[in-house]
1. Please state which of the following conditions residue 76 fails to meet, knowing it meets all the rest: (1) out of contact with any strand residue (DSSP E or B) (no Cβ under 8 Å at 6 or more places or on another chain); (2) outside any helix (DSSP H, G or I); (3) modelled with pLDDT under 85.
2. Any residue in the range 130-143 that is without any contact (Cβ under 8 Å) to a residue 40 or more places away in the chain and surrounded by 14 or more Cβ atoms within 10 Å (Cβ to Cβ)?
3. Can you report the number of residues in the range 245-254 which are loosely packed, with under 14 Cβ neighbours inside 10 Å and closer than 18 Å to residue 132 by Cβ?
4. Just checking, how many residues over the range 20-33 are surrounded by 17 or more Cβ atoms within 10 Å (Cβ to Cβ) and free of Cβ contacts under 8 Å to residues at least 24 places away in the same chain?
5. Pairs only if they're at least six apart or on different chains, beta carbon under 6 angstrom, first in the range 44-58 and more than 13 Å from residue 19 (Cβ to Cβ), second in a loop (DSSP other than H, G, I, E, B); list them, first residue then second.
6. Of all residues being in contact with a helix residue (DSSP H, G or I) (Cβ under 8 Å, 6 or more places away or on another chain) and either closer than 17 Å to residue 73 by Cα or without any contact (Cβ under 8 Å) to a residue 12 or more places away in the chain (or both) in the range 34-43, which is surrounded by the most Cβ atoms within 10 Å (Cβ to Cβ)? Just the residue, please.
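The values are calculated or read from the model by the stated rules, or taken from the named source; none is laboratory data. Every value quoted in this text rests on a predicted model; they were computed, and no experiment measured them. Neighbour counts are summed over all protein chains in view; Cβ atoms, including those assigned to glycine, are modelled from backbone coordinates with ideal geometry.
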């Protein structure tokens, strides 16, 4: 049976008496008389609490052999009540959906260009001077241009530098050369200084438009072509992806991003002369 965390008890605004009744329910006491003896809450109060919690979807009841028995709501129903409470309290924005929130592990889906643009700008501000790992290939640029455009992309690169994020990326071979040629020297200039080290692996691993951002306590699975970002916080999934990233780090070619970009910028300037 799902156990409510102290955070969710506080979030749902449960009183001490309500918590005692729920504790008795989780202990296997499924009638008001048994819950009264277990919780030391008066029998009339137990009835009132159960009726109140049933209306909120936290407990449920059923009739068997003429007697009424009580139980905690199913996990999904309980999640729904917690989510609705969070939604009312925190005013989740349009395009943002939290799909699990019973434990510290949380999954949030961000849909649409507006929600994604706000998310990424907020990330660059709230993770100041923190480490950011990223994985991306060439196809990602199509989605980025769709959601951000070149000017907003350059602005985001400048924000990363201004907030001194420590960025380390994994890209396909020749990625910086192709992006500089495709987007231009201004992109290379804004990108320069936002990452020190990157890792190159074969292009065959990037035949998709997916992208990953990894921070210490959160993971972002991005599909810009679909205008979709899945945010995973404090999860074993985040630890799994980070372990995979470390494996790639140990088995790929490292290079100095800024040195390469300086060379590409110089080459672009020579062509302009």
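1. (2)
2. Our first condition is that a residue be without any contact (Cβ under 8 Å) to a residue 40 or more places away in the chain; within the range 130-143, this holds for none.
No, that holds for no residue.
3. As a first pass, look at the range 245-254 and keep what is loosely packed, with under 14 Cβ neighbours inside 10 Å: 246-247, 250-251, 253-254.
Of the ones still in play, those that are also closer than 18 Å to residue 132 by Cβ are 246, 254.
Result for the range 245-254: 2.
4. 3
5. 57/73
6. Looking only at the range 34-43, we keep the residues that are in contact with a helix residue (DSSP H, G or I) (Cβ under 8 Å, 6 or more places away or on another chain), and these are 34-36, 38-43.
Within this subset, residues satisfying the condition of being either closer than 17 Å to residue 73 by Cα or without any contact (Cβ under 8 Å) to a residue 12 or more places away in the chain (or both) are 34-36, 42-43.
Numbers: 34: 17, 35: 25, 36: 19, 42: 11, 43: 12.
Restricting to residues being in contact with a helix residue (DSSP H, G or I) (Cβ under 8 Å, 6 or more places away or on another chain) and either closer than 17 Å to residue 73 by Cα or without any contact (Cβ under 8 Å) to a residue 12 or more places away in the chain (or both), the top hit is 35.
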